[in-house]
Amino acid sequence: MADKRLRLEIVTPQRHLAYEEVVSCSAPGVLGYFQILPDHTEFVSELTIGEIKVEFSDHTKFFATTGGFLEVVNNRVLLLLEACEAAEEIDIDRALRALERAKRRLQEQSPDVDLMRARAALLRATNRLKIAQKLSLAV
Amino acid sequence: MATLREIKRRIGSIKSTQQITRAMKMVAAAKLRRAQENIFAARPYAYKIDELIQHLVAKIENPTDPLLESREPERVMLVVVTADRGLCGSFNSNIIRKATQEAERYRDREVSIVSVGRKGYDFFRKRNYQLGREFINLFNNVQYQHAQAIAEYLIEEFLACRADRIILVYNEFKSVIQQNLKVEQFLPLRKREFEGEGSGNLVDYIYEPSQEALLKALLPKHLNMQVWRVLLESYAAEQGARMAAMENATENAGELIHDLTLLFNKARQAAITKEISEIVGGAEALKSAS
């Protein structure tokens, strides 16, 4: 059991990442976070906005996502994501600006502001910031 | 024989044409590189999402989702993806020919044409075709929102039963010098047959939240993505075709210039010879007269 590993692929419209020797992976399912370990049964789930954690034997990687799908077959994990940023790639300034903008929009409450979109933007920004901070704490 | 001045003028005009075609080739090459990067990045996602959908659809016993409903194709909608601009060799005419062939195949059905790209729209508008909406002038700056708009429109037409079958006709980008004409059914979603080892593909999944909900979330994304992929394919193929066409044109212009220069030199030499013989002849005449 201990020597079993996962193969993990992250595919988005912009990029394609592949990792070998993954020990575990947790992801934000629409019904809550779950973790995939080797020998997981065949499984498909819709993902929502949140953090994806990929654990290797000696280190851990974090990704921010806005949602997508996850499939597990035969110790291969496939993540189909709309957007995905590794923690170290997150542009904190941009995220902060987006956060400010979304907050302002929500407070204005003018009729021409799309509340759903503003709220989604707020969620995305906080999510990115949270994950970026995780990295700075680890270092 | 043409006069010297005429030949010279023609050489000049061909040279400036050559400059234009050369510049267009360079521009196409630069755009091609970007287009190529885009399509290579988008392909894995599009293929994987297609695979996932196929797995899901294959497992569903009786599909309830209206997007999967297979009806007798009374009304066929052809989505023809051409370029907005010409000067790219046989790119547009090939795709239009293929589309008319497809339309011919459904002759006894009701066929309507949705044009993506101005060249196709111009062609079908002037002929006796029933037209759906057109999406033109988008390749200049092709964006995911365009694909979304197109997919939304197609889904709406399908769900409203204004189209029973939607077929995409487009150029697939194979390599810089090669495009593949592709005809693909867009809706209803085709169940692909899993053969031989295929049974290994049909694993029993655990679904979260549920199979239906998952499919419902996945389908629109899948369709958007397929349209997006097709737009990118076609755009990259267009730039490739334009680059090749302009390369040929530049070469041909070079050949013409070469031939004309030869002709020019010959004519000049002939003129000089003529002048000399005239002078000599004149001198001889004077001498014998004196």
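Summary table
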{"quantity": "Elements of type strands (runs of 3 or more DSSP E) in region A:1-112, at least 3 residues being away from every other protein chain (no Cβ under 12 Å), under 23 Å from A:Ala125 (Cβ atoms) and open to solvent by less than 60 Å² (accessible area, probe 1.4 Å)", "calculated": "A:50-56, A:60-65"}
{"quantity": "Unique residue being under 40 Å from the mean Cα position of the chain (by Cα), surrounded by fewer than 16 Cβ atoms within 10 Å (Cβ to Cβ) and of a type in the set (S, T, N, Q) when the list is B:Asn252, B:Asn265", "calculated": "B:Asn252"}
{"quantity": "Selection count where residues are facing chain A (nearest Cβ under 10 Å), within 13 Å of B:Tyr47 (Cα to Cα) and of a type in the set (A, V, I, L, M, F, W, C), scope region B:211-226", "calculated": "1"}
{"quantity": "Number of positions in region B:232-258 that are modelled with pLDDT of 95 or more and either within 14 Å of chain A (Cβ to nearest Cβ) or not in a helix (DSSP H, G or I) (or both)", "calculated": "0"}
{"quantity": "Evaluation of A:Met116 against (1) at pLDDT 90 or above; (2) closer than 28 Å to B:Trp228 by Cα; (3) in a helix (DSSP H, G or I) (one fails), failing number", "calculated": "(1)"}
{"quantity": "Complete set of residues in region B:119-138 that are under 13 Å from B:Ala103 (Cα atoms) and open to solvent by less than 40 Å² (accessible area, probe 1.4 Å)", "calculated": "B:Phe124"}
{"quantity": "Condition met for B:Ala241 (touching a Leu at 6+ places or on another chain (Cβ under 7 Å) and either among the charged types (D, E, K, R) or surrounded by 13 or more Cβ atoms within 10 Å (Cβ to Cβ) (or both))", "calculated": "no"}
{"quantity": "Selection within region A:1-32 - in contact with a Lys or Arg (Cβ under 6 Å, 6 or more places away or on another chain) and in contact (Cβ under 8 Å) with a residue 60 or more places away in the chain", "calculated": "A:Arg7, A:Val11"}
{"quantity": "Test: residue in region B:275-287 that is part of a helix (DSSP H, G or I), closer than 22 Å to B:Lys8 by Cβ and open to solvent by less than 50 Å² (accessible area, probe 1.4 Å)", "calculated": "no"}
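A quick yes/no check of all residues on (1) modelled with pLDDT under 90; (2) hydrophobic (A, V, I, L, M, F, W, C); (3) under 13 Å from the mean Cα position of the chain (by Cα); (4) under 30 Å from B:Leu232 (Cα atoms):
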residue: A:His16; (1), (2), (3), (4): yes, no, no, yes
residue: A:Tyr19; (1), (2), (3), (4): no, no, no, yes
residue: A:Cys25; (1), (2), (3), (4): no, yes, yes, no
residue: A:Pro38; (1), (2), (3), (4): no, no, no, no
residue: A:Ile52; (1), (2), (3), (4): no, yes, yes, yes
residue: A:Phe69; (1), (2), (3), (4): no, yes, yes, yes
residue: A:Leu81; (1), (2), (3), (4): no, yes, yes, yes
residue: A:Ala87; (1), (2), (3), (4): yes, yes, yes, yes
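Here is a yes/no grid of residues against (1) over 20 Å from B:Val169 (Cα atoms); (2) in contact (Cβ under 8 Å) with a residue 60 or more places away in the chain:
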position: B:Ala41; (1), (2): yes, no
position: B:Asp50; (1), (2): no, yes
position: B:Ile60; (1), (2): yes, yes
position: B:Arg71; (1), (2): yes, yes
position: B:Cys88; (1), (2): no, yes
position: B:Arg105; (1), (2): no, no
position: B:Val116; (1), (2): no, yes
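The values are calculated or read from the model by the stated rules, or taken from the named source; none is laboratory data. Fair warning: this is a prediction, and the values are worked out from it, not measured in the lab. FYI the Cβ positions are ideal-geometry reconstructions off the backbone, even for glycines, and counts take in every protein chain you see. Each accessible area value is taken on the protein alone, full model and side chains, heavy atoms only, with ligands, DNA and RNA left out. Shrake-Rupley method; radii C 1.70, N 1.55, O 1.52, S 1.80 Å.
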